[in-house]
Protein chains: 2
Amino acid sequence: MSYTSLVEHFEQLHHLQHLGAICGWDQATMMPPGGNEARAEALGTLAVLCHRQLQDDRLPDWFAAAGEEALTPEQGVSLHEMRRAWRDANMLPADLVRARSLAGSRCEHAWRSLRPANDWAGFLPLFEEVLNLSRQAAAARADTLGLSRYDSLLEQYEPGMRGAELDRLFGGLRGWLPDLIRQVQDKQRHEQVLVPEGPFPTAQQKALGLEVMTMLGFDFNHGRLDVSVHPFCGGVSEDVRLTTRYDEQDVTQALMGIIHETGHARYEQGLPAAWCRLPVGQARSMGVHESQSLFFEMQLARHPAFLARLAPLLERHFGTQPAFAPDNLARLYTRVEPGFIRVDADEVSYPAHIMLRYEIERDLIEGRMEARELPERWDQLMRQYLGLSTQGNDRDGCLQDIHWTDGSFGYFPSYTLGAIYAAQQAAAMERQLGPLARLIEADLPAIFGWLQQHIWQEASLQDTAGLLTAATGQALDPAPFRSHLEQRYLA
Amino acid sequence: MSYTSLVEHFEQLHHLQHLGAICGWDQATMMPPGGNEARAEALGTLAVLCHRQLQDDRLPDWFAAAGEEALTPEQGVSLHEMRRAWRDANMLPADLVRARSLAGSRCEHAWRSLRPANDWAGFLPLFEEVLNLSRQAAAARADTLGLSRYDSLLEQYEPGMRGAELDRLFGGLRGWLPDLIRQVQDKQRHEQVLVPEGPFPTAQQKALGLEVMTMLGFDFNHGRLDVSVHPFCGGVSEDVRLTTRYDEQDVTQALMGIIHETGHARYEQGLPAAWCRLPVGQARSMGVHESQSLFFEMQLARHPAFLARLAPLLERHFGTQPAFAPDNLARLYTRVEPGFIRVDADEVSYPAHIMLRYEIERDLIEGRMEARELPERWDQLMRQYLGLSTQGNDRDGCLQDIHWTDGSFGYFPSYTLGAIYAAQQAAAMERQLGPLARLIEADLPAIFGWLQQHIWQEASLQDTAGLLTAATGQALDPAPFRSHLEQRYLA
C-alpha cells in the first residue's frame, strides 16, 4: 500500500528530525564552545538529508496512489498533512533555497554585532538581499498555492490564516488597544508594587521551577529542564527538552519563563502517541502552540488565584518578604508599562508590538514598502500605538528582532493569534467547567484535562479554524481576549 | 576528482556519526527513561543511513578512479582507509547482517537477566545462535580478506594483528605471568593498606575529577564530564564526552575511572584536525586507544610520583586522613588480588583474564570448540591462570562479559595489547625524555607532548605496527610490559 510506504518514509524523516532536535538542544545547553563548528556542519548535513527525504522521487507516485486507497478518515487527514509537508519542501527552486539560506545566515550573523552598534546603514544592504529573496520565495509560493504573496508565507506558520483576516483582526484591536493601554496606565499610576529582593540562588530557583512544573503536570519521565541563553522548548514529544535562564537578582522572570515553556511542553507531551511520528501528529500551528504557552503564562499563572498558590512556594524557597504577598505578586505580574522591546512587553501592550510588525512585513512582502523606509515607519507606528519614538534608536526599534534577519516573514502574527486563541479557550473552559479561579484553587487537573481533550490530542487532525471552533464553539474572535484584558486590568 | 567526491561522501558519513555519538551520549547521560523507545528507533534509522552511505552505488567507480589520480602520500593513506571502511561495510550479505544483529540483540537482552540468575542453560541456545552467525560472518570475511576466520574478526578491532602473533605473545605471558602473580601476592601478604573512609560527596568527587582532568590537559573547550551507569568516552574529537559514576563510599574508583577515560579523551582531542572527519583521521585501533587510557591509568596515575601529587588534592577536597598518605595510596592502587571479574581486576592479573578469553574465542570461531563446552573450559583456564574455580558459578565466570552476547568476537585482545603498547611507549619515553618519575613531578606537558607527537597526531596515517615502531623503536614486544610489572610490583 502506498499509504503505508508514505508512513514509513515520514516516520524515517521524523527519526532524523529527532536526532536534529536533540543535537540542537545539546548545542544550546551542553555543548562546549569548541564543538560548535563540527556541530553546525553535522546539523547542516542533516538538514540536507531531511530535505532530500521530502524530495524523494517515489513520493509523487505514492501520493497519487494513496489518494485512491481505502483510508480511514484519520488516515485521510494524515495523508493530507504529509502531502502538505511534501508540497512545502518542493515549492521553491533549489537555487533560491540555497541563496535565501546563505543571505539569511549572513544577515543574521552580521545583525548580532550591528544591532548593539545601532548600525542601520550597515544592516540595510544585507537586509535588502534577504527581503529580495523572500519576495521571490513568496512569489513562487503564491503561484503554487494560489494565494497572495504574504499569505503564502503566513501559510508556513499558521496554515489557513489570511492577511485579510489579520487586517480585520488587527484593525479591530487598533480601535481599542491603545486606549486600553492608556487607561490601565492611569489606573496603575498610583499602585504600589514591591519588587522581591534577592539574591535568589540558582539552585533554589531551579528547585522551585521543578516544583511548579510538577504542579503543572509536566511529565519528567518524558522530558527535563535545563539552562540556555535563549529559553526554548525543544526535543520531541516523547522527550521534551525545556530550558530557562536564571538571574540571581530576579526570581520573577525565570519562574514565569518556565511556566510559559511548560505550556509548550505539555502540548508536545499531550500529542497523540499513535500519530506522533507523522505530520498529522504534530502541533497544529505556531499560533496554537503559542496559545498553550500563553494559556499557561497569562490565563493561568498571572491569575490572582494562581499567584496565591505561588506565594507560599516562593516563601518556602526564599523566606518571607512583603513582596511575596499574593496581592503584591498580582500587581507585580500585571504591571503594564509600554516599552521599546517586544520580548519584555507586558500582556496588554504586547499585541501593539505585533500589529506594528504585521503591517510592516505585509507591506514589505507585497512590495508596498521598501527596506530603506523601515526605521521611519517603525518610529511612526511606535508613536501611534505606544506613544514611544525610536528615531535614531534602531537598536531598540526595527533592529531588535531576529525573525526578519533570516527571512522569517509571516511568523509574528502567531504571537497575538496565540493570545487570542488562549483567551477563547479560557472563556470556553469557564462556560463548561466553571470559574477559572475555582479550578486553579481546587482542580488544576480539570484544566489540563480540558486542554488535553480539546487541543493537545487533536494535534493536526483538524485545521486551526476547525480545532478552535470545536474547542470553543466560536470561530476566531478577539472579544474574549478583550474581555480578559479589561477584566484583569481595569476591573 | 573522484578522491574529492570520496572525501565529501565520507565527511557526510562522519557528520551522521557525529549526530549518533551525541544522541548516544545523551541517551546514557541525560535522557529521561520515557524517551528511550523513540531514541532507539531514531538511532536505528541513523545506523541504516550510515550503512547505506557506505553502500552507495557510486563508490566502486570513485575508488577505481581515485586510485589513478595523483595524490599526496597522505591522501593515498586516506584513500586506503576509506576503502577499508567501505570494504568492511560491504563484506557480508545483508541477510546475515540482519540475522546477526537480531540474534545479538536478543542474546544481549536475555543476558541482562540470565547472568544475575546464573542461568547458563537458558543462555546457551541464544548464544549458540550468535556463535553460529558469527562463524558464518567470519567465514565470509575470511574469504574476502584471505585471512583465517578468527583473524578476519580480529581485523575489525586491531587491523594487521593476527592470531599467530597473539599465540606467540600470550604463549610467552603464560610462561611468566601466573608465577609473577603468585610472587606479588606473597610480597603483599603482610603489607598494611588503609582504605580511605568516606563519605565522599559526589559534588566534591566531581570537583576533584575536573581538577585532575585539567592537570592531565583535558581541553574543556572541546569536551565535558558527566555521569553514566557505564563510564565511557564518547562524542567526537572536537567535542569529547567523558563519563564516570560516583560511589559516595569510595573515592578511589571514580577518580581512577576519570583518569582512564581522560586517556581515551586526550587521544581523541589530539587527533589531527585536518583529517578528523575522515577514516584516516580516526584512532588507529582499539588496542592503540586502550594503550592511551592505560598509559594514563597505569603508567602515569598509579605511579608513586603521580599518587604523591594526588595526595594533597584528596586532602584538600576531603580533609586529612592516614589513608591519603602517598605511601598508602601507592599500596592501595597497586594491590594485586586475583578475582573472578575482569573489569575489577588489577594490572597484574588482568592479562590472565584476556588470555583465557582469547583462547576460548579463537577456538569457538575456528570451530575447535563448541558453545556448550564453554563453562568447563572457562573453569579449567581460571584454575590454571588464577587459581580460582568457576564451577557452578557461571555468573562470575563465562557469563560475566557483554562482548560475546552480541558477537563481538576478536575484541578482547585489544585490552592486553593496549597494556603492552603503553608499556613500550613509557619505556621509549623514558629513553628519550628521562625518568617518568621526574616528568610526573616536574613536566607533565612533556609526557603529553610526546604522546601527541608519536601517537595522537598520527591517527591512522600508519598501520599499528608502523606507529608502534616509529614511536618506540621496536615492533610489538612484551618485554617492557614485563619489566614494568616486575619493577612496580616486585622491586
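The values are calculated or read from the model by the stated rules, or taken from the named source; none is laboratory data. Everything numeric here is computed off the predicted structure, so don't read it as measured data. All Cβ positions, even for glycine, are placed from backbone atoms using ideal geometry, and neighbour counts span all protein chains on display. Remember, those area values only see protein heavy atoms, side chains included, never the ligands or the DNA or RNA. Shrake-Rupley method; radii C 1.70, N 1.55, O 1.52, S 1.80 Å.
Data table
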read-out: Burial of 20 Å² or greater, region A:232-251 residues [accessible area, probe 1.4 Å, versus chain by itself]; value: A:GLU238, A:ASP239, A:ARG241
read-out: Dipole-positive endmost among B:GLN55, B:GLN12, A:LEU173 within the protein assembly as shown (Cβ charges, Cα centre); value: A:LEU173
read-out: Accessible surface of region A:120-491, 1.4 Å probe, proportion on carbon and sulfur as whole %; value: 49 percent
read-out: Accessible surface of A:ARG335 - all protein chains present, 1.4 Å probe, nearest 10 Å²; value: 70 Å²
read-out: Solvent-accessible heavy-atom area per residue, rounded to whole Å², over chain A at 1.4 Å; value: 40 Å²
read-out: Cβ charges +1 (Lys, Arg) and -1 (Asp, Glu), total dipole of region A:189-241, debye; value: 140 debye
read-out: Alpha carbon centroid spacing (whole Å) that separates region A:58-124 from region A:262-301; value: 21 Å
read-out: Average beta-carbon neighbours from other chains, 10 Å sphere, peptide B:372-383; value: 0
read-out: Other copies of B:GLY387: label-to-label distances in nm, shortest first, labels 7 Å along the beta-carbon direction; value: 9.3
read-out: Region B:2-90 - Rg (one decimal) and Dmax (whole number), Cα, Å; value: 16.2, 53
read-out: Copies compared at B:PRO93 - label distances in nm, ascending, label defined 7 Å from Cα in the Cβ direction; value: 4.9
read-out: Rg/Rh for region A:266-361, where both radii come from Cα atoms and Rh is the Kirkwood radius; value: 1.10
read-out: Copies compared at B:VAL343 - label distances in nm, ascending, label defined 7 Å from Cα in the Cβ direction; value: 4.4
read-out: Peptide A:8-20, shielding by other chains (average Cβ, 10 Å cutoff); value: 4
read-out: Neighbour-limited loop hits for trypsin sites (Lys or Arg not before Pro), region A:32-83 (at most 12 other Cβ within 10 Å; DSSP other than H, G, I, E, B); value: A:ARG58
read-out: Summed buried accessible area for A+B [probe radius 1.4 Å, Å², rounded to 100]; value: 2900 Å²
read-out: Chain A, relative contact order in percent, only Cα pairs under 8 angstrom and at least six apart counted; value: 19 percent
read-out: R0 of 35 Å, Cβ-Cβ distance B:MET1-A:ALA64: FRET efficiency to nearest 0.05; value: 0.30
read-out: Leading residue at positive end of dipole, region B:270-325 (Cβ point charges), from B:MET286, B:GLY319, B:PRO304; value: B:MET286
read-out: Mean residue ellipticity (222 nm) of chain A, computed from DSSP H runs ≥ 4 via -39,500 (n - 2.57), nearest 500; value: -20500 deg cm²/dmol
read-out: Percentage, to the nearest whole number, of Cα pairs in chain A over 36 Å apart; value: 31 percent
read-out: Cα-based equivalent ellipsoid, region A:332-456: semi-axes from gyration tensor eigenvalues, Å; value: 35, 17, 11
read-out: Fraction in percent of alpha-carbon pairs per bin - 10 Å, region B:392-444; value: 20, 28, 20, 19, 13, 0
read-out: GluC sites (Glu not before Pro) within region B:1-78, DSSP loop, no more than 11 other Cβ atoms inside 10 Å; value: B:GLU68
read-out: Summed residue charge, Cβ within 10 Å of B:GLY418's Cβ, Lys/Arg positive, Asp/Glu negative; value: -2
read-out: Protection proxy ranking, peptides B:482-490, B:305-313, average beta carbon neighbours within 10 Å, highest first; value: B:305-313, B:482-490
read-out: Nearest-20 debye value, the protein assembly as shown charge dipole, Cβ charges on Lys, Arg, Asp, Glu; value: 740 debye
read-out: Alpha-carbon radius of gyration plus Dmax, which is the widest Cα pair, for the protein assembly as shown in Å; value: 32.5, 96
read-out: Region A:133-216: trypsin sites (Lys or Arg not before Pro) falling in loop per DSSP and having at most 12 other Cβ within 10 Å; value: A:ARG189
read-out: At least 40 Å² of accessible area lost relative to the chain alone, listed for region B:205-231 with a 1.4 Å probe; value: B:ASN221, B:ARG224
read-out: Proximal charge balance of A:ASP247 [Cβ under 14 Å; K/R count +1, D/E count -1]; value: -2
read-out: Estimated distance in nm for a label pair at A:GLN380 and B:ARG162, the labels positioned 7 Å out from Cα along Cα-to-Cβ; value: 8.6 nm
read-out: Rounded to the nearest 10 Å², the accessible area of A:GLU129 at probe 1.4 Å; value: 80 Å²
read-out: Residue of chain B nearest the B-to-A rotation axis [by Cβ], rounded angstrom distance; value: B:LEU19, 2
read-out: Nearest-20 debye value, region B:431-491 charge dipole, Cβ charges on Lys, Arg, Asp, Glu; value: 160 debye
read-out: Of all accessible heavy-atom area on region A:2-90, the percent that carbon and sulfur account for (1.4 Å); value: 51 percent
read-out: Which of B:SER5, B:SER291 is most accessible, then next, and so on - probe 1.4 Å; value: B:SER5, B:SER291
read-out: Complex-versus-alone comparison for region A:40-59, residues with a loss of 10 Å² or more in accessible area, probe 1.4 Å; value: A:GLU41, A:ALA42, A:THR45, A:LEU46, A:LEU49, A:ARG52
read-out: Per-pair calculated FRET efficiency, R0 = 60 Å: A:VAL97 and B:ALA117 via Cβ, rounded to 0.05; value: 0.60
